[in-house]
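Remarks on the structure that follows.
Just so it is clear, none of the values below were taken in a lab; they were calculated from the coordinates. Being a predicted model, the structure only gives us computed values, none of them experimental. In this analysis, Cβ positions are derived from the backbone assuming ideal geometry, glycine residues included, and neighbour counts consider all displayed protein chains.
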Amino acid sequence: SQTIHQWPATLVQPVGSPLSLECTVEGTSNPNLYWYRQAAGRGLQLLFYSVGIGQISSEVPQNLSASRPQDRQFILSSKKLLLSDSGFYLCAWSNPHLGTDTQYFGPGTRLTVL
Amino acid sequence: GENVEQHPSTLSVQEGDSAVIKCTYSDSASNYFPWYKQELGKRPQLIIDIRSNVGEKKDQRIAVTLNKTAKHFSLHITETQPEDSAVYFCAASILTGGGNKLTFGTGTQLKVEL
């Protein structure tokens, strides 16, 4: 069966510090991968998605970036965090080869920028 | 791009009653409509989804209906139980075989009271 991991689970960072969040998927090959952000009490905003290694599409202009160095690894980064970057970051995967594009979410990383 | 509106933002029902959450979408090309349930501090979990070639789908106490002409879809929960209390998100996307981009509604906080 497929599983998705995210770490760290929680993170407290000062403004201006760098960020690296990691997401890995097990049990599937060539997944589509997604990064979402959820502000407190709000909906989910798609930040990036990837259909393959090195292929990243950005949905929202911001100081965040994403990379996919391996098939089942997706990384969200920032060089300098802003207060507004605080939120719940969720990674998701889907398997388009099954003829469906249902997305399944990881456990998330709760980021607080102080 | 796609815009999804969700109503109501909060919903309180008595245990055993039914709950209905409604969403409208703007892009007539959208053809995939999932519903997610998110408990406090947890990841969103897919509870049911529907594709545009189907008007209704049911899974035990949960059902979803789709009206393509009016571009709206609804989640119906019957015989509500306290464990149904959570935030529910609707979403819409276009299945392309590549990376589908889900556009989420703003969520409905459902509270089932004893």
Exercise. Got at least one residue in segment A:19-39 being within 12 Å of chain B (Cβ to nearest Cβ), part of a loop (DSSP other than H, G, I, E, B) and touching an Asp or Glu at 6+ places or on another chain (Cβ under 7 Å)?
Worked result: yes
Exercise. Could you count how many residues in segment A:95-114 are without any contact (Cβ under 8 Å) to a residue 40 or more places away in the chain and among the polar types (S, T, N, Q)?
Worked result: 2
Exercise. Is it the case that some residue within segment A:83-94 is free of Cβ contacts under 8 Å to residues at least 24 places away in the same chain, within 12 Å of chain B (Cβ to nearest Cβ) and either under 24 Å from residue B:5 (Cβ atoms) or among the charged types (D, E, K, R) (or both)?
Worked result: no
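If the requirement is being under 20 Å from residue A:102 (Cα atoms), surrounded by 13 or more Cβ atoms within 10 Å (Cβ to Cβ), more than 12 Å from chain A (Cβ to nearest Cβ) and touching a Lys or Arg at 6+ places or on another chain (Cβ under 8 Å), which of these qualifies: B:93, B:85, B:52?
B:52
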Seminar exercise, completed: Across (1) in contact with a Cys (Cβ under 6 Å, 6 or more places away or on another chain); (2) of a type in the set (S, T, N, Q); (3) more than 10 Å from chain A (Cβ to nearest Cβ), residue B:10 clears everything bar (1)
For this session: Determine which single condition residue A:75 fails, assuming it passes every other condition in (1) touching a Cys at 6+ places or on another chain (Cβ under 8 Å); (2) within 14 Å of chain B (Cβ to nearest Cβ).
Result: (2)
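Of everything in segment A:50-72 that's out of contact with any Leu (no Cβ under 9 Å at 6 or more places or on another chain) and within 12 Å of another protein chain (Cβ to nearest Cβ), which residue is farthest from residue A:19 (Cα to Cα)?
Here is the first cut: in segment A:50-72, the ones out of contact with any Leu (no Cβ under 9 Å at 6 or more places or on another chain) are A:52-57, A:61, A:69-71.
Checking the rest, the ones that are also within 12 Å of another protein chain (Cβ to nearest Cβ) come to A:52, A:55-57.
Working: A:52: 23, A:55: 20, A:56: 18, A:57: 19 Å.
Within segment A:50-72, the match that is farthest from residue A:19 (Cα to Cα) is A:52.
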